[in-house]
Amino acid sequence: RLAVTNGALAFDNVTFSYATGAPVLRNISFDLPGGRTLALVGATGSGKSTLVRLLVRFYDPTAGRVLIDGADVTAVTLHSLRSAIAVVPQDCVLFNESIRYNIRYGRPYASDGEVEAASRVAHIHEAITRRFPEGYETVVGERGLRLSGGEKQRVAFARAVLRRPKILVLDEGTSALDSLTERMIQESVAGLRQQCTTILVAHRLSTVADADLILVFDGGSVAEAGSHAEL
Ligand code: ATP
Ligand code: MG
């Protein structure tokens, strides 16, 4: 079992290729103390989401090690690993059920108060109560069609927050968020500091100015690493 104490994260010379292809991650090494924010930026296809997939063990490294609080992720149960980490994926899947159901998915016995608190952290509570007469009972439609892209991502964000993970990953994806959503997510991440380790996948350096460590990916390698001031 993984006993996550503070959510420190390290990649030790990790190289990875899908199936038989060329490496999409090459010799990635970094160290992030628990409770800090890591940002991954870089062009589409540079390997950002792949790094996240290695963290949650959808795949294992071809070489090198992924460590959480000093423990190799291959040496712990998948269940304990995945209960410690919540990922807001770039294409989040919503069920054609109520907003409340969607936020609670993953912690189905959470109280209404807990659902609302998580929604406030994710800056989606106002939109739910103002925009929809049925509020949290609003059924989102096939693939969440009744919600905008930013709203969907924030519902998925609230779902992740509700799970109280030790490590929270937000994969912004290629569809750049509108600047209001981007700013709200920045504020939320700032508010989550200390409670959990955060990984932000972003397209612009400006989005992640506050991160403790920024890795700039270029074709599967880290081209630059440091704080915003250092880069
Ligand atoms: P984006 O900003 O568009 O989300 P990314 O930096 O997250 O891009 P990845 O999704 O990590 O990029 O992809 C890195 C490389 O791995 C790309 O060349 C991509 O085509 C390839 N790739 C991704 N998923 C797979 C897969 N399941 N099988 C084979 N190759 C893949
Ligand atoms: Mg990606």
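Tell me, please, whether a residue that is within 16 Å of ligand 1 (Cβ to nearest atom), of a type in the set (A, V, I, L, M), closer than 28 Å to ASP218 by Cα and touching a residue at least 12 places away in the same chain (Cβ under 8 Å) can be found in segment 81-88. Outline the logic, then answer.
Filtering segment 81-88 down to residues within 16 Å of ligand 1 (Cβ to nearest atom) leaves 87-88.
After this cut, where a residue has to be of a type in the set (A, V, I, L, M) as well, the list is 87-88.
If we keep only those that are closer than 28 Å to ASP218 by Cα as well, we get 87-88.
Pick out the ones that are also touching a residue at least 12 places away in the same chain (Cβ under 8 Å) and you get 87-88.
Yes - at least one qualifying residue is present in segment 81-88.
Checking ARG65 against (1) of a type in the set (Lys, Arg); (2) away from ligand 2 (no atom under 16 Å from the Cβ); (3) closer than 25 Å to GLU172 by Cβ, which single condition isn't satisfied?
With respect to (1) of a type in the set (Lys, Arg); (2) away from ligand 2 (no atom under 16 Å from the Cβ); (3) closer than 25 Å to GLU172 by Cβ, ARG65 is out only on (3).
For GLN186, indicate whether it is polar (S, T, N, Q), in contact (Cβ under 8 Å) with a residue 12 or more places away in the chain and out of contact with any Gly (no Cβ under 9 Å at 6 or more places or on another chain). Before you say what the answer is, go through the steps one by one.
Values: polar (S, T, N, Q): yes; in contact (Cβ under 8 Å) with a residue 12 or more places away in the chain: yes; out of contact with any Gly (no Cβ under 9 Å at 6 or more places or on another chain): yes.
So GLN186 passes the test.
Within segment 132-231, which strands (runs of 3 or more DSSP E) (wholly inside it) include 2 or more residues that are exposed (fewer than 14 other Cβ atoms within 10 Å of the Cβ)?
Details: elements: 167-171, 197-202, 213-218, 221-226.
In segment 132-231, the matching strands (runs of 3 or more DSSP E) lie at 221-226.
So which residues in segment 44-63 are more than 16 Å from the chain's Cα centre (by Cα), within 16 Å of ligand 1 (Cβ to nearest atom) and among the small types (Gly, Ala, Ser)?
GLY45, SER46
Just one of the numbered conditions (1) in contact with a strand residue (DSSP E or B) (Cβ under 8 Å, 6 or more places away or on another chain); (2) crowded, with 16+ Cβ neighbours inside 10 Å is not true of SER29; which one?
Single failed check for SER29: (2).
Within segment 186-205, which residues are within 16 Å of ligand 1 (Cβ to nearest atom) and out of contact with any Lys or Arg (no Cβ under 6 Å at 6 or more places or on another chain)? Spell out the reasoning first.
Restricting attention to segment 186-205, the residues satisfying the condition of being within 16 Å of ligand 1 (Cβ to nearest atom) are 199-205.
Once the filter is applied, which keeps residues that are within 16 Å of ligand 1 (Cβ to nearest atom) and out of contact with any Lys or Arg (no Cβ under 6 Å at 6 or more places or on another chain), segment 186-205 yields ILE199, LEU200, ALA202, HIS203, ARG204, LEU205.
Restricted to segment 41-53, and to residues that are more than 9 Å from ligand 2 (Cβ to nearest atom) and not in a loop (DSSP other than H, G, I, E, B), which residue is surrounded by the fewest Cβ atoms within 10 Å (Cβ to Cβ)?
Step one: filter segment 41-53 for residues more than 9 Å from ligand 2 (Cβ to nearest atom), giving 41-43, 51, 53.
If we keep only those that are not in a loop (DSSP other than H, G, I, E, B) as well, we get 41-42, 51, 53.
Numbers: VAL41: 24, GLY42: 21, LEU51: 27, ARG53: 18.
By that ranking, first place goes to ARG53.
Residues being touching a Pro at 6+ places or on another chain (Cβ under 7 Å) and in a strand (DSSP E or B): count how many of those fall in segment 64-97. Please lay out each step first, then the result.
Taking segment 64-97 and keeping what is touching a Pro at 6+ places or on another chain (Cβ under 7 Å), we get 84-86.
From what's left, in a strand (DSSP E or B): 85-86.
The qualifying residues number 2.
Please enumerate the residues belonging to segment 5-29 that are within 16 Å of ligand 1 (Cβ to nearest atom), assigned to a strand (DSSP E or B) and out of contact with any helix residue (DSSP H, G or I) (no Cβ under 8 Å at 6 or more places or on another chain). Walk me through it before giving the result.
We begin by selecting, within segment 5-29, every residue within 16 Å of ligand 1 (Cβ to nearest atom); these are 11, 14-28.
After this cut, where a residue has to be assigned to a strand (DSSP E or B) as well, the list is 11, 14-16, 25-28.
If the condition is that a residue be within 16 Å of ligand 1 (Cβ to nearest atom), assigned to a strand (DSSP E or B) and out of contact with any helix residue (DSSP H, G or I) (no Cβ under 8 Å at 6 or more places or on another chain), then THR15, ARG26, ASN27 are the ones that fit.
Mind counting the residues in segment 89-107 that are over 17 Å from VAL140 (Cβ atoms) and without any contact (Cβ under 8 Å) to a residue 60 or more places away in the chain?
Quick first cut of segment 89-107, residues over 17 Å from VAL140 (Cβ atoms) only: 90, 107.
Pick out the ones that are also without any contact (Cβ under 8 Å) to a residue 60 or more places away in the chain and you get 107.
Within segment 89-107, residues that are over 17 Å from VAL140 (Cβ atoms) and without any contact (Cβ under 8 Å) to a residue 60 or more places away in the chain number 1.
A quick yes/no check of all residues on (1) among the hydrophobic types (A, V, I, L, M, F, W, C); (2) away from ligand 2 (no atom under 16 Å from the Cβ); (3) in contact with a Cys (Cβ under 8 Å, 6 or more places away or on another chain):
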| site | (1), (2), (3) |
| --- | --- |
| THR138 | no, yes, no |
| GLU142 | no, yes, no |
| ALA156 | yes, no, yes |
| PRO165 | no, yes, yes |
| MET184 | yes, yes, no |
| THR197 | no, yes, no |
| ASP212 | no, yes, no |
| GLY219 | no, no, no |
| GLU224 | no, yes, no |
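Each reported figure results from applying straightforward, stated rules to the coordinates on display, with no laboratory input. Quick caveat, the model's predicted, so the values are computed rather than measured. Positions of Cβ are generated from backbone atoms using ideal geometry, with glycine treated the same way; all protein chains shown enter the neighbour counts.
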